[in-house]
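Peer 1: Dropping the structure in here first, questions after.
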Amino acid sequence: MAEPVTLTMPPDCTLRTAQALQADLLAALDGASGLALDCAAIETVDVTFVQLVVAAARSAAPRGVTLDLTNLPDTVAAAFRRAGFAPHAPFATAPAH
């Protein structure tokens, strides 16, 4: 069985880097049993990163592949909350207040 993979996120996780991030996520998910995104180095984040993570998690789930975030800076957690999602698997929509 495939091993879980950890992918270290770059400092910039915004629209500027979305295409490269998407390619990295797809490559890391291919054949992995699980994927952890190490977010410790993230300095700049926007909703594009949230969209990439949620989409990747949703496409991986039917294949039995897990995806989660580790070493989550406050800025990343805040980006998920602003977008209406929980900043952890299964990245469910946060309840409205």
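The values are calculated or read from the model by the stated rules, or taken from the named source; none is laboratory data. Just so you know, these numbers come straight off a predicted model, no measurement behind them. Positions of Cβ are backbone-derived with ideal geometry, glycine not excepted, and every protein chain shown enters the neighbour counts. Keep in mind that these areas ignore ligands, DNA and RNA; they rest on the heavy atoms of the full protein, side chains included. Shrake-Rupley method; radii C 1.70, N 1.55, O 1.52, S 1.80 Å.
Peer 1: Could you figure out which of (1) more than 9 Å from the chain's Cα centre (by Cα); (2) modelled with pLDDT under 95 isn't true of D68?
Peer 2: Of the numbered conditions (1) more than 9 Å from the chain's Cα centre (by Cα); (2) modelled with pLDDT under 95, the odd one out for D68 is (1).
Peer 1: When L35 is evaluated against the numbered criteria (1) in contact (Cβ under 8 Å) with a residue 40 or more places away in the chain; (2) crowded, with 18+ Cβ neighbours inside 10 Å, which criterion, by number, is the only one it fails?
Peer 2: Every condition holds for L35 apart from (1).
Peer 1: Now, a different point. Go through segment 67-96 and count every residue that is touching a strand residue (DSSP E or B) at 6+ places or on another chain (Cβ under 7 Å), under 13 Å from L37 (Cα atoms) and open to solvent by less than 90 Å² (accessible area, probe 1.4 Å).
Peer 2: 7
Peer 1: Then there's this: Working only within segment 38-51, note down all residues that are in contact with a Leu (Cβ under 9 Å, 6 or more places away or on another chain) and buried (at least 20 other Cβ atoms within 10 Å of the Cβ). Talk me through it step by step, then tell me what you get.
Peer 2: Kept after step one, since they are in contact with a Leu (Cβ under 9 Å, 6 or more places away or on another chain), are these residues of segment 38-51: 38-40, 42, 46-49.
C39, I42, F49 - these are the residues of segment 38-51 that are in contact with a Leu (Cβ under 9 Å, 6 or more places away or on another chain) and buried (at least 20 other Cβ atoms within 10 Å of the Cβ).
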